[in-house]
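Take a look at the structure set out below.
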Amino acid sequence: MFDDFLMDLKQPKRKNIRQERKKIPAQNLKMKRLRGDEIKSSHWDTFYKFYRNTTDNHWGRAYLTREFFHLLGEKMGDKVMLIVAEHDDKVVAGALNLIGGDTLYGRLWGCLPDAHFPNLHFEACYYQAIEAAIELNLSKVEAGAQGEHKIQRGYLPVTTYSCHYFLEPGFATAIGNFLVHETAQVKHVINVLHESGPYKEDILKEFAPQPDGEM
């Protein structure tokens, strides 16, 4: 099934992904996708260590607590998917995903401080997510904002929206004027990235951005 997805990609991109995936078992890594009761308290304790390693080393703020992850698993059950990587039967990295509607949402990634495995991030966060979405018959994987490295691994950019209210009219006008130009630039960049992306031309047409009002 993942191979069907790969066949939609240009040959060089398809070859690159296959080579990256082969490096996972070659490093004695085993990937597991856990849901619901398969996720034990020990998994959440370990994932909290991953989360803290990420925030501590990338100038982030650890606003989530250990208890949060336990409650997430308790309250959301099968809607939570924890993708873990084991090395010599020890969990060394993981990616947190949420299942909603027709979409798999990738939200957090982390690993142990001494876990240095080439391509593991790509496997845990991107390829495992795509494979899981196919198996669950989900139509989309939402891998989060930013990261042009995602594009060459099958993730195309899409527009998102946010709403804000400004009390100061002059401030609102200035921002509005800026957004007119920014919107045009963003649409241009999206078109360029789609055209230079990993998909074959006939497949790419299915993802082409729609005219205004239809996105």
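None of the figures in this text is laboratory data; all of them are computed from the coordinates on show. Note that the structure is predicted; figures quoted are calculated from it, not measured. Neighbour counts run over all protein chains shown; Cβ positions are idealised from the backbone, glycine included.
Between rounded, prolate and oblate, where does the chain land on the alpha carbon gyration tensor, with a ≥ b ≥ c its root eigenvalues, rounded for a/c under 1.5, else prolate if a/b exceeds b/c? Show your work: numbers first, answer last.
Values: a/c = 1.95, a/b = 1.27, b/c = 1.53.
Because a/c hits 1.5 or more and a/b fails to exceed b/c, the chain counts as oblate.
Which length gain, in nm to one decimal place, applies between Tyr161 and Lys22 when the Cα-Cα distance is subtracted from 0.36 nm times their residue separation?
Numbers: separation 139, 0.36 × 139 = 50.04 nm, distance 3.74 nm.
Result: 46.3 nm gained on full extension.
Projecting label points 7 angstrom from Cα along Cα→Cβ for Phe171 and Lys79 puts them 3.4 nm apart.
Rounded to the nearest 10 degrees, the inclination of helix 41-57 to the longest alpha-carbon principal axis of the chain is 50 degrees.
With angles folded into 0 to 90 degrees, how steeply does helix 66-76 sit against the dominant principal axis of the chain? Use alpha carbons for both and round to 10. The helix 66-76 is inclined about 80 degrees to the chain.
Using a Gaussian network model of the chain in which every pair of alpha carbons under 10 angstrom is joined by a spring, one finds that among Gly147, Gly197, Gly36 the greatest mean-square fluctuation is at Gly147. Annotation: amide H of Gly110 within the under-5 Å range of Gly94, sequence separation 5 or more or interchain, hydrogens built in the peptide plane. In the chain, helical runs assigned H by DSSP with n ≥ 4 each contribute -39500 (n - 2.57); averaged across all residues and rounded to the nearest 500, the mean residue ellipticity at 222 nm is -13500 deg cm²/dmol. Can you give me the angle between helix 169-195 and the longest principal axis of the chain, using Cα atoms only, in degrees from 0 to 90, rounded to the nearest 10? So the inclination is approximately 60 degrees.
Between region 106-126 and region 39-81, the alpha-carbon centres lie 14 Å apart.
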